[in-house]
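**Student:** Input: one structure, supplied below.
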Amino acid sequence: MSISKRVDVAAIVVVPTFVTFLMILGGTPAKLVAAALVVLTVGAYIGLRHPQYLTRALAFSLGALPFGYVPGVHAPLVFTLGGAVIMASVLHRTAVSRITVGEGAVIALVVTSALSVFATGSALVDYAEFGKWLVSTLVVVALLRLPREELELFGRIYVYAASAAAAFAVVIFVADPTGRLIGYLSPFGYGTEEESTRFVYTDGVATVRLAGTYIDPNAAGIGLFVALMLCVLLIRGRLRVALALLLFGSIVLTLSRAALFSVVFGVVLMLLFQNLRTRERAAIIGGFGLAFLGALAVPTIRNRVFSSFGSGDAGSSARGDALVDFPGHMAGHWLFGLGWGREEFKDPSTAFDVNYVANSPLLSVYRGGIFTGLAFLAIIVVGAVLGYRCLRSQHWEYGFIGGGFIGFSIVALQLDFPVVTIPASTMAFSVLIVFLVHAWEKATDNLRRDGEATPISAFRLNTVIVPDLQFRTVCDGSFRLYKSSILMQ
């Protein structure tokens, strides 16, 4: 019997029999073991026989249920599927076997982070937090192994799922300020908090912030920002316009200044550096200008935006204090950082007391040391180079994600920290890196299959002489055929 048939027999006969036996025994532990066994068996079978379903499920869960749990098992849904996708990329033959642009910096970040956790880890929680971060980061490598058609399908599923989550969050924001509707997602672990609504306080007035299934408004801003970038890159027609308006409006309602200013900065870069036709430039300026002015017409949003530049903004003051305190925190810990499983990364009250730096590169140094921080900075630099090349392309969709990545790096990564401390946000940032590479490949035609001639070899100048025929290389790398007998006449 072949191995695949043995796997089928085990999945169809052995596992259901064992699960039935556990359920008959009864008891909560036995039922939990049975449920876990079913989930693991189904996941293993799909991973061995249909791995593409794992990537599609990951896209959906990351977009719609980023903080959900596997039903019946207290395991993070995104972490479980992310680990399965990485394992499937190891077990199965991949469409792309070469190291793509940007992966070198990601691998360097993984190596330096592993060194830091081995140097500072003193408890199981340190290695657990590192493991969740590792899965969220290695998703970059796993997704870039996919065929580009499958990768684009992953991106579209993420956009549709995030749009559905945004629409659900808007319904909660408008019709259910107490957040009770989130209880309908209790099978996925949502609704456990008595009060899930998030607020921002301006001049003593509490304003509701959109969060939905993203729980944290700033994390929602990051996830929806990535969805907006992918929407413009991958979706076409009226559907793109409708989903982009929904996603941008949801970003505004999160009141996440980091996400909103990242979009604004990216659009400004596109208008400055992109070679746009007059009609495209006018459409972008008009459409985005109207959307932004419409957002500012709402008093709470206007106050939130313009309070960023005032001395009375508590968040800005706290960020300034954290920057001042940063060298003191790092004294004696510059090489490998303060550690991964620290209480301030897990408990909001402790985080408030410690007031660690809200800056992603510096927080990487805080947690993992100077080499980890430099590796994280290398990812930003490489991404900025790819983003600039996308900005110089002929298609504005590529320039939008290129400018968006640069804007996100300059604004969001300097003002906020979820991509470092929250695994779901880390994975969303990984997806943004993946599709920036994909946009660069399409914008500059740098994608080639393994075994094909490189661009340099394709442009190599040579002349091949055959009887009565001469092939000459021209500047664009193509070959033109001339009949020398005709040219001589």
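The values are calculated or read from the model by the stated rules, or taken from the named source; none is laboratory data. Treat the numbers as computed from the prediction; the structure is a model and nothing was measured. Positions of Cβ are backbone-derived with ideal geometry, glycine not excepted, and every protein chain shown enters the neighbour counts. Please note that ligands, DNA and RNA were not included when accessible areas were found on the heavy atoms of the full protein model with its side chains. Shrake-Rupley method; radii C 1.70, N 1.55, O 1.52, S 1.80 Å.
**Student:** Using modelled amide H (1.01 Å from N, peptide plane; none on Pro or chain starts), what sits under 5 Å from the amide H of Arg198, excluding residues fewer than 5 places away?
**Tutor:** Arg209
**Student:** Please turn the phi angles of the range 353-363 into ³J(HN,Hα) values with the Karplus equation 6.51 cos²θ - 1.76 cosθ + 1.60 (θ = phi - 60°), one per residue in order, whole Hz, x for glycine and proline.
**Tutor:** 6, 6, 6, 5, 5, 8, 9, 4, x, 5, 5
**Student:** Residue by residue through the range 95-105, which ³J(HN,Hα) values in whole Hz follow from phi under the Karplus form 6.51 cos²θ - 1.76 cosθ + 1.60 (θ = phi - 60°), with glycine and proline marked x?
**Tutor:** Running phi through 6.51 cos²θ - 1.76 cosθ + 1.60 with θ = phi - 60° gives 6, 10, 9, 7, 7, 7, 4, x, 5, x, 5 Hz.
**Student:** Could you give the length gained by full extension between Val385 and Val170, i.e. 0.36 nm per residue of separation minus their alpha carbon distance, to one decimal place?
**Tutor:** 73.8 nm
**Student:** Skipping prolines and chain starts, which residues have an amide H placed within reach, meaning under 5 Å, of the one on Gly189, given they are 5 or more residues away or on another chain?
**Tutor:** Tyr69
**Student:** A further question follows. Across the range 64-78, in residue order, what do the Karplus-derived ³J(HN,Hα) couplings come to in whole Hz, using 6.51 cos²θ - 1.76 cosθ + 1.60 with θ = phi - 60° and x for Gly and Pro?
**Tutor:** Computed from phi, the couplings for the range 64-78 are 9, 10, x, 10, x, 10, 5, x, x, 10, 7, 10, x, 4, 5 Hz.
**Student:** For Ser122 and Glu150, what does the FRET efficiency come to when R0 = 45 Å and r is the distance between their Cβ atoms, rounded to the nearest 0.05?
**Tutor:** So, using R0 = 45 Å, E works out to roughly 0.60.
**Student:** Continuing with the same structure: Please give the per residue accessible area of the range 43-137, computed with a probe of 1.4 Å over protein heavy atoms only, in Å².
**Tutor:** With the other protein chains kept in place, the range 43-137 gives 46 Å² per residue.
**Student:** Another question, if that's okay. Which order do the peptides 424-434, 85-95 come out in when sorted by mean C-beta neighbours inside 10 angstrom, highest first?
**Tutor:** Taking the mean over residues of other Cβ atoms within 10 Å, the ranking is 424-434, 85-95.
**Student:** Please give the peptides 254-264, 96-106 ranked by average Cβ packing (other Cβ atoms within 10 Å per residue), highest first, as a rough proxy for protection.
**Tutor:** By packing density, highest mean first, the sequence is 254-264, 96-106.
**Student:** Shifting gears a bit: Roughly how many whole Å is it from the C-alpha centroid of the range 208-268 to that of the range 396-425?
**Tutor:** 12
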